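The values are calculated or read from the model by the stated rules, or taken from the named source; none is laboratory data. Fair warning: this is a prediction, and the values are worked out from it, not measured in the lab. Here the Cβ is made from the backbone with ideal geometry for all residues, glycine too, and neighbour counts use every protein chain on show.
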Amino acid sequence: MSRQQREARREFLKKFAALTACGSAMSMIPQLKLMQSALAQSSPEGDAGYRALVCVFLGGGNDAFNWLIPRDNTRYAVYQASRGTGTGGLAIDQASLLPINLTGPGGAALPGGHQYGLHPACADWTAVDRNGVQTAMPGLASLTNQGKVAWLSNIGSLVVPLTKANFNNPALPKPPQLYSHNDQTNLWFQGRETANYRYGWGGQVADLLFGLNSPIPGSNPVTTLPMNISFAGSNRFQIGDQVVPYQMSGCGNPNGGNPVAGEIVGQNFANCSGSSALSGFRACGTAGLNASEAALCDLLDNNTSNLMQNEHASVMARSMGLAGNLTTLLTGTVNNLSLLNTPFRALADDQAVAGYNLAADGGNSLAEQLAMVARLINMRTQLGQTRNIFFVSLGGFDTHAAQMPDTGQPRLLRRISRALGSFYRALVEMGVENSVTTFTMSEFARTLNSNGDGSDHGWGGIQLVMGGAVNGGSAASGRLYGTWPDMTLNGADSFSRGQMIPTTAMDQMASTLSSWMGLTPTQINTIFPNVDNFPTANLGFM
Amino acid sequence: MTLQIRRACSAIALMGALLIASPAFSQTETLFRANFEDVTDAPASDAEAARFLTQATFGPTRAEIARLRAIGYGQWLDQQFSMPPTLTRPWLDQLVLDPAFSLNSGHRVDRFYWQASFAPDQLRQRMAFALSQILVVADTGGIDTRVVAEYADLLTRSAFGNYRTLLGDVTFSSAMAQWLTYVRNRAAYQTGTPPTTILPDENYAREVMQLFSFGLIQRNMDFSPVLSGGNPVPTYNNDIIAQLARVFTGLSYGRTNFTNTSFGNNTNVDLMLPMVCFPMNSNNTNYNATGRTYHDFASKAIFNGITLPAVADSEAGCMSDINAALNAIANHSSVPPFYARQLIQRFTTSNPSPAYIQRVANVFVNNGQGVRGDLRAVLRAVLMDAEARGTPSANFGKLREPVLRMTSLWRALDVVQGQPETGSNIGNISSTIGFSGDFGQRPYGSPSVFNFYEPDYQQPGPIQTQNLYSPEFQILNESSVSRMNNLLRSRAVDWYVGASGMQATWPLVSFAPYLQIMQQPGNATTYGQLIDELNIRLMYGSMSTAMRTTLVNMLTAQTAPTTDANRIDRIRQVLRVIIFSPEFAVQK
């Protein structure tokens, strides 16, 4: 897309935004109407009118080759030799792996004898729900075996396909600043390998879809919840030309600190809206503001000569405008509509699982964030939402040291598995498991080779995609997409310490998800300018 | 309460009292000097003085505004440069004298706010805070509270020293070695069955270049990227990381006594001591001063074509290798613009002009006496530059970060320290419970080595469209802005001397000066005086006419107050709206 075309698109969207503000835009924009009907047709059962992506970002660089692991003897031996055993070694014991059934794309059998297992932290677990009922909860191993998870192998940032043989060819462009946390994170967010590109692919997808959402019904003054919502602070992923993400917070222990034994999900969340109101100040535009409120609203002028002042005013105005609505919708009533039975925090694990204490385990902030995502999805009609892109995050994956003890990577993998298990179950409870697709991103995987206590920065890794709409496989197996790399150090697919050269581009994963959200091939090519350098813009996992 | 605690408390109270009192001492010195020299560089107005103090300290006070006007910028800076450091760890060490006392990171953060609010060496404290956001260490990695405090003290002591010395002190600190995981990092070795080669941890090698010295791409003196064929020139690649990682090997913790100690054990460990290139006996089981080390002593090819020669496999060889690498890092041509830009961003503006960066970088290269990396000279250049002292151009300035909003409110409003308390909140200034979540910024508590926000962060929307940087916006969002404001309001508006329900341990602001103004007739003139006084103290006189009018009208729209309770209510109303206002939020 040329610069001119891009400007034209922006102009269109600006005009479009103005139109939607006046209402009834849908009938005036045939293109969107077509898009909506196309979506409705292809929408799976459940809530045909709703679609959402949930990005789970694993910050720090997840050592994903200790998440999904080859289990057959031949390849396990290669894995084990590269990761090392004994003190300082990083290999996960073969006998401890949770067996999973995987097939290839289209249900094809994997190459002869290939078997996989998941890290033991991905096991099933038990929790107590809002009504005090003991509930068996699925971990990632079970969800995979039920066909709800697709695993994407050796995926990473690439401009063009690269191999070890041609890596040093200067004519082939490489992603900028490989191995650097913040730079690689931004490449995943951008969906293109341009240093410091302004927008994220989630933001650009939302630029094309946000018009399908409506203002919060009954809100006065009329208020619209942005399509993109972050529970993990600012991130480039959700930034679009038109769409600026709204930032909320997960609901931790209302008293602060670690969770308390016996707390259960409903009690904990009933008074938490994930947003914070400015105490004593109602939204500007509300009837009957007092003198202080009126004065502050007067000062929230975003049209001064100082851009930072303007921006601060805008953030505050958005905050004040939305907090009241969200508080009304998400808290305070006995029969709070947003609450679910599915346990998220698993706080009663203290009682349910011998020897396991969630409080001592540091809680599960990812589950707290996903619980809020589930509550917003549950309130989608009341919030006027038909399309959403959510962003949640779990940090701590930069395991240069202390990777192997339970408090290192295993605990993080346990948090992912349990948070995703709860979230999937909540989607089923709401009947929208086919309308919501969850996926992980992480800036890079890590060196297979140990530094004595952990691993260093790598490149290609493994991500998962979870949901009812995922071509996960059958009721008895999940699927593996992409090529499993040779795990020999400095082998066919890696550098000296086992930094993997990706064989699938993250752009391909992102474009596949964007297609599922309803974007056309032309739109896909605009957002992912490099994806045509690869064999397909649709990996087929959706 | 044991007798011991009581003693500790009174010692602490005394220590606090002495520190609060010390500006009087400085003032005597000033008056003495002022008899001999005319002050030629004094700020022309209270507003100008307050603006400088907003940039250079944790917030202006009436007393400090007057003092700066009396002695001028140069002498004020000289005095600040010569003040001894106010430290954190000695304070915590006092607290833990009582074995029943349980120290946690909240006590350290309390002490941080106490120093920010009351310590006389304001510029040093502020510089240490700035450095703590570049040379990041945090207690989020499970590092002991006193070790983090010692790191904070290291930055405080070294704040006006030389960059190369600072880089060495940081590199050998146990806090950094734990945080970036190079403690007990070893030269390559084999282990396990089948045998695997273990290679050195690359963590510090990477971040010391990317974040602590020169960054990812080569910079000109004005911070513009050096280009080759239109593309920025990278400073290193992953091979260089692996080479430099071999330098940071062989270090183990310092010991009070090396008898029966080894590289791997914790016998006699003292985490407050610098790390040691640990020499051992021939069995690698015990310390031996003349023995071999776990350092990789072979030569290394690092950035810019520099080769570090092979060294002897000894404590001295290891030390010389690490120091040679640190020399090379500190001498990299991109260090001066890298630090010039980030220090400017911490003190005066998020978007300095290239010329401003270059002027400061030039001082980094040469302080005028041929010394490179003189942080005192660099800081003076940051604060006294024409761009910082002149009338601010459009978009000059920075979003105030939450910590600085809090401290500037406390200082402006003459906060009174709460009574030292026993138990978990001894000596608290801030009751810091919740300060991490509500501010999203806990000193020495950053979520990662990338600080609370990054220097290149661009807030989406008009700021990004104009290609401006806005680091502090990275932690400001629709949730956090309200939480922050609610907390600021609680501490600066609700917790005041004379309010009901206050506890003796709470820090309370004082409305006395404003009450005096408000005791005049309740009309626009009186309200104007109130607002003008707050404008000087909180907004260095920068309040727009429109904002002043809005605030005056807010009060005149209400019945004139007839009681002191009414008057306090009006003061609090004005204060609240100022604190929440966009004009206060941005330091210009």
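List every residue pair whose Cβ atoms lie under 6 Å apart, where the two residues are 6 or more positions apart in sequence or sit on different chains, the first residue falls within segment A:309-324 and is in contact (Cβ under 8 Å) with a residue 24 or more places away in the chain and within 7 Å of chain B (Cβ to nearest Cβ), and the second residue, located anywhere, is buried (at least 20 other Cβ atoms within 10 Å of the Cβ) and in a helix (DSSP H, G or I). That search, which allows pairs on different chains as well, returns A:M316/B:V481; A:S319/B:V481; A:S319/B:S482. Consider segment A:388-413 and keep the residues that are β-branched (V, I, T) and closer than 19 Å to B:S448 by Cβ. The one that is surrounded by the most Cβ atoms within 10 Å (Cβ to Cβ) is A:V392. Within segment B:196-206, the set of residues being under 23 Å from the mean Cα position of the chain (by Cα) and either surrounded by fewer than 23 Cβ atoms within 10 Å (Cβ to Cβ) or hydroxyl-bearing (S, T, Y) (or both) comprises B:Y204 only.
Cβ-Cβ distances below 7 Å connect the following pairs, each with a first residue in segment A:269-284 that is more than 8 Å from every other protein chain (Cβ to nearest Cβ), a second residue that is at pLDDT 90 or above and part of a loop (DSSP other than H, G, I, E, B), and a separation of six or more residues or different chains: A:R282/A:L289; A:A283/A:P221; A:C284/A:L300. For segment B:410-443, the set of residues classified as within 14 Å of chain A (Cβ to nearest Cβ) and modelled with pLDDT of 90 or more consists of B:Q441, B:R442, listed by residue number. Can you confirm whether A:T440 is assigned to a strand (DSSP E or B) and either aromatic (F, W, Y) or in contact with a strand residue (DSSP E or B) (Cβ under 8 Å, 6 or more places away or on another chain) (or both)? Against the criterion (assigned to a strand (DSSP E or B) and either aromatic (F, W, Y) or in contact with a strand residue (DSSP E or B) (Cβ under 8 Å, 6 or more places away or on another chain) (or both)), A:T440 qualifies. Consider segment A:69-91 and keep the residues that are over 16 Å from A:G498 (Cα atoms) and more than 11 Å from chain B (Cβ to nearest Cβ). The one that is surrounded by the fewest Cβ atoms within 10 Å (Cβ to Cβ) is A:N73.
Residues that are surrounded by fewer than 23 Cβ atoms within 10 Å (Cβ to Cβ) and within 30 Å of A:A77 (Cβ to Cβ) within segment B:166-185 comprise just one, B:R184.
Yes/no per residue for (1) crowded, with 20+ Cβ neighbours inside 10 Å; (2) more than 14 Å from every other protein chain (Cβ to nearest Cβ):
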| site | (1), (2) |
| --- | --- |
| B:P462 | no, no |
| B:Q474 | yes, no |
| B:V481 | yes, no |
| B:N523 | no, yes |
| B:M547 | yes, no |
| B:M554 | yes, no |
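Among the numbered conditions (1) buried (at least 22 other Cβ atoms within 10 Å of the Cβ); (2) within 22 Å of A:G396 (Cβ to Cβ), the only one that B:S213 does not meet is (2). Annotation: of all residues in segment A:286-300 being more than 7 Å from chain B (Cβ to nearest Cβ) and surrounded by 18 or more Cβ atoms within 10 Å (Cβ to Cβ), the one that is farthest from the chain's Cα centre (by Cα) is A:E293. Do we have B:A560 as among the small types (G, A, S) and either within 27 Å of B:L53 (Cβ to Cβ) or touching a helix residue (DSSP H, G or I) at 6+ places or on another chain (Cβ under 9 Å) (or both) here? Criteria met by B:A560.
Out of the residues in segment A:461-479 meeting the condition of being within 19 Å of the chain's Cα centre (by Cα) and part of a strand (DSSP E or B), tell me which one is nearest to A:D398 (Cα to Cα). Give the derivation first.
Of all residues in segment A:461-479, those within 19 Å of the chain's Cα centre (by Cα) come to A:461-472.
Still in the running and part of a strand (DSSP E or B): A:461-466.
Working: A:G461: 14, A:I462: 15, A:Q463: 16, A:L464: 19, A:V465: 22, A:M466: 24 Å.
Once the filter is applied, the top-ranked residue is A:G461.
Of all residues in segment B:88-138, those satisfying the criterion of being in contact (Cβ under 8 Å) with a residue 40 or more places away in the chain, among the polar types (S, T, N, Q) and buried (at least 19 other Cβ atoms within 10 Å of the Cβ) are B:T88, B:S105, B:S117, B:Q122, B:Q125, B:S132, B:Q133. Checked against (1) surrounded by fewer than 16 Cβ atoms within 10 Å (Cβ to Cβ); (2) away from chain A (no Cβ under 14 Å); (3) polar (S, T, N, Q); (4) out of contact with any Ser or Thr (no Cβ under 7 Å at 6 or more places or on another chain), B:T559 passes all but condition (2).
On inspection, B:A565 fails the criterion of being out of contact with any Leu (no Cβ under 8 Å at 6 or more places or on another chain), at the interface with another protein chain (Cβ under 10 Å from one of its Cβ atoms) and surrounded by fewer than 21 Cβ atoms within 10 Å (Cβ to Cβ).
May I ask you to list the residues in segment B:346-374 that are in a helix (DSSP H, G or I) and touching a helix residue (DSSP H, G or I) at 6+ places or on another chain (Cβ under 6 Å)? Before the answer, list the steps.
Within segment B:346-374, the first condition is being in a helix (DSSP H, G or I), and the residues that meet it are B:346-347, B:354-365.
If the condition is that a residue be in a helix (DSSP H, G or I) and touching a helix residue (DSSP H, G or I) at 6+ places or on another chain (Cβ under 6 Å), then B:R346, B:F347, B:Y356, B:I357, B:V360, B:A361, B:V363, B:F364, B:V365 are the ones that fit.
Within segment B:201-217, residues that are more than 9 Å from chain A (Cβ to nearest Cβ) sit with their Cβ atoms under 6 Å from residues that are not in a loop (DSSP other than H, G, I, E, B), at 6+ positions apart or across chains, in these pairs: B:A205/B:I241; B:A205/B:L244; B:A205/B:A245; B:S213/B:I329; B:S213/B:V335; B:F214/B:V335; B:F214/B:F338; B:G215/B:F338.
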